[in-house]
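Single-structure report; data block below.
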Amino acid sequence: MSRKYVGVVNALSLRKRTADFCRDRGNGVGHLWGHVQVIKAPVLLELSGPVFMSYPAINHVEVKLDQVAGGTKVTLRHRAIGLLEDAHRQNISKGWQHYLDNISKDFV
């Protein structure tokens, strides 16, 4: 039997709430990137899940936003464990940079 507990336990507030990040590929096709682990708006977002890996691996992605003179500094930290393909190991930094560059176009 499955039970869902909602309430307060040792000053910890539990809520029925799901928050997932999914990549929408169109035509009803998608890919779960991860579950939101931490939100501290507007300065921190943490995801835990497969991200772009479709094999046995777990990832933790941390995105920090800091106000700096003239704009916002974005710091991305990605950690992974599991069966990581060599291609991902070698190109992950380039991939994240490409992703961030595409996002930044909306703000420049």
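The values are calculated or read from the model by the stated rules, or taken from the named source; none is laboratory data. Remember, predicted model here, so these are calculated numbers, not experimental data. Virtual Cβ from ideal backbone geometry, glycine too; neighbours counted across all protein chains shown.
Odds and ends about this structure:
- Taking region 67-106 as the range and being exposed (fewer than 11 other Cβ atoms within 10 Å of the Cβ) and aliphatic (A, V, I, L, M) as the test, the residues that pass are 68, 69, 81, 83, 87, 103.
- If you go through region 41-57 and pick out every residue that is part of a strand (DSSP E or B) and either at pLDDT below 90 or in contact with an Asp or Glu (Cβ under 6 Å, 6 or more places away or on another chain) (or both), you end up with 1.
- Count - residues of region 58-99 that are out of contact with any Leu (no Cβ under 7 Å at 6 or more places or on another chain) and part of a helix (DSSP H, G or I): 13
- Summed over region 5-33, the residues that are among the aliphatic types (A, V, I, L, M) and either modelled with pLDDT of 80 or more or outside any loop (DSSP other than H, G, I, E, B) (or both) give a count of 6.
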